[in-house]
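Engineer: Would you mind keeping the following structure in view while I ask a few things?
No value in this document is a laboratory result; all are computed from the given coordinates. Fair warning: this is a prediction, and the values are worked out from it, not measured in the lab. Quick reminder, even Gly has a Cβ in these numbers, built from the backbone with ideal geometry, and neighbours come from all protein chains shown.
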Amino acid sequence: MRKFDIIVIGSGSGLEVSSDLSDEGWSVAVIEEGPFGGTCLNRGCIPSKLLIHCADVMQTVQNAARFGIHAKVERIDWPFIVNRAFEEVDADAAMIERGNRQSENIEVFKGRGRFTGPKTLEVNGEQLTAETVLIAAGARPWVPEIPGLTQTPYVTSDEALRLPEQPKRLTVVGGGYIAAELAHFFGALGTEVTIIHRRRTMLREEDDEIARRFTEVYQRRFNMVLDSQVSGVSSKDGEITVAVTTPDGPKTITSDTLLMATGRVPNTDILDVGKTGVAVNQRGYVKTDEFLQTNVPGIWALGDIVGRYLLKHSANLEAAYATNNILNPDNPAAVDYHAMPHAVFASPQVASVGMTEEEAEGRGASYVTASYNYSDTAYGASIEDKDGFVKVLADPGSGDILGCHIIGTDAATLIQEAANAMRLRLGVDAITQSIYVHPALPEVVQRAFGQLPLE
């Protein structure tokens, strides 16, 4: 039995904690079965954005004629596009692992860890134990049970980012951010994309007005089969057939590639966390208190496996709190998740922070709302973004910002000013009284807040 001061399971944001504690002289065991860097670096935000930028470049070329520039694309170098992304990603993952192996107080265990008893894990036949354990092992794609699926070749987001050849026709099952981003990537580069979604709008977590506008744009770009259920799938001679029950009756869709983008599940079952007494919720996510400690003293958890926000920046925030609370158990700090922003890197981009109007209504909050179109600003008109708009919510009495929701060009960048103001608990006037560069695109955010009918 090998004994350490702390065992860290997962090499994503958990490494922030292991690094800090090793600097404090703790002996650290890091358990990781795959490439170092976690989901974000290897299978998520980093490679997907490297790939999606190529789609954005393609759209710029495709839309050039509206600005009097006539251009054409001679060919798509698919291997170059994929290799460009993963040469960098794989090099970074190797560098992170090498750095951990060279650290004086860290020992790396490359393999799948599983709890075998209280604060005890087995990795590659070796038993490890520690008084402090950090569970940061993330989540993985979830695929529903569909007749014929187990006999049909399909990919999830894990494999879709590394396809050796570009699909000619792609069927996407799902309507969340992963489906939206990957449909944009493949579709902009010339793949014929069909999206099957069980709801009437995509991006159900977004404000309803944003979700409706996004769905409208995607209906112009792709073949959308909405408010529909997949009833079965089959494959023959390289062609995949998806049977769908739609409001208009049964329908079949054929393609050469099937992408299941139907959600994610935590890796608690793989870890067998019940063996160490850690409680999980009905969806399998680890339960923690406000300090990130589980029901078992000395066992902590953060990131996707906790399930509060499946976002890298949320996991990094939690890592800072986890380090503090592990080192200062008598004076822990509760994680402050206030003003957690997120973005969807599709086309159009979507970004949000705070409450949606539906959430405000559900909570009985006192609020007012206003919107402003990109096209009603000088820069928005110059780039001809006719779909983009900003929607904001605030308390009419105090002027507190309750939410900001953006769809359109550079939404992921524009959301930051609202997120910063909310994070610092500043009111609407922090934005309306600021001096904005004219005629830059951020004016659309300021003008939206300026439309609010405050008391």
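Engineer: Put +1 on the Cβ of every Lys and Arg and -1 on every Asp and Glu Cβ in the chain; which of Leu170, Ile76, Pro147 then has its Cα farthest towards the positive end of the dipole?
Structural biologist: With unit charges placed on the Cβ atoms, the residue in question is Pro147.
Engineer: Note down the magnitude of the dipole of segment 89-207 about its Cα centre, charges +1 on Lys and Arg C-beta and -1 on Asp and Glu C-beta and zero elsewhere, to the nearest 20 debye.
Structural biologist: Details: 14 positive and 17 negative charges, 88 e Å.
For this selection, approximately 420 debye.
Engineer: Now a separate question. Once the other residues with Cβ under 14 Å from the Cβ of Val368 are scored (Lys, Arg +1; Asp, Glu -1), what is the net sum?
Structural biologist: Details: positive: Lys391; negative: Glu357, Glu361, Asp395, Asp400, Glu455.
Within the 14 Å Cβ shell, the charges total -4.
Engineer: Taking Cα centroids, how far is segment 364-436 from segment 1-77 in Å?
Structural biologist: Each part reduced to its Cα centre gives a spacing of 29 Å.
Engineer: Of Ile135, Asn325, Gln59, which is farthest on the positive side of the dipole of the chain, counting Cα position, with +1 on Lys and Arg Cβ, -1 on Asp and Glu Cβ, and the Cα centre as origin?
Structural biologist: After comparing all options, I get Gln59.
Engineer: Still on this structure: In whole percent, what relative contact order does the chain give with Cα contacts below 8 Å and a gap of six or more residues? Intermediate values should be presented prior to the final figure.
Structural biologist: Working: 947 pairs, mean separation 62.9, N = 455.
Relative contact order comes out at 14 percent.
Engineer: Okay, moving on. Can you give me the distance in nm between label points at Gln62 and Lys168, each placed 7 Å from the Cα along the Cα-to-Cβ direction?
Structural biologist: Going by the 7 Å Cα→Cβ label model, 1.9 nm.
Engineer: Now, a different point. What value, in deg cm²/dmol to 500, does the helix sum -39500 (n - 2.57) over DSSP H runs of n ≥ 4 give at 222 nm once divided by the residues of the chain? Don't jump to the answer; show the numbers that get you there.
Structural biologist: Details: 14 runs with 146 residues, N = 455.
For the chain, the value works out to -9500 deg cm²/dmol.
Engineer: Do any of Lys3/Lys312; Lys49/Lys391; Lys49/Lys312; Lys49/Lys287; Lys3/Lys275 go past 22 Å between their Cα atoms, and which?
Structural biologist: Working: Lys3/Lys312 30 Å; Lys49/Lys391 25 Å; Lys49/Lys312 14 Å; Lys49/Lys287 31 Å; Lys3/Lys275 18 Å.
With Cα atoms farther than 22 Å apart: Lys3/Lys312; Lys49/Lys391; Lys49/Lys287.
Engineer: Taking K and R as +1 and D and E as -1, what net charge do the other residues with C-beta under 13 Å from the C-beta of Ser103 add up to?
Structural biologist: On the way: positive: Arg98, Arg101; negative: Asp20, Asp23, Glu24, Glu97, Glu104, Glu107.
My count for the surroundings of Ser103 gives -4.
Engineer: Sticking with this one: Which stretch or stretches of segment 185-201 have amide N atoms under 12 Å from the point lying 7 Å from Lys49's Cα along the Cα→Cβ direction?
Structural biologist: Counting only backbone N, you get no residues.
Engineer: Going toward the positive end of the dipole of the chain, with +1 on Lys and Arg Cβ and -1 on Asp and Glu Cβ, which of Phe291, Pro453, Pro47 do you reach last?
Structural biologist: Toward the positive end, the furthest listed residue is Pro47.
Engineer: In nm, what is the difference between 0.36 nm times the number of residues separating Ser434 and Thr254 and their Cα-Cα distance? Write down the numbers at each step before the final one.
Structural biologist: Working: separation 180, 0.36 × 180 = 64.80 nm, distance 5.31 nm.
The span from Ser434 to Thr254 would gain 59.5 nm if fully extended.
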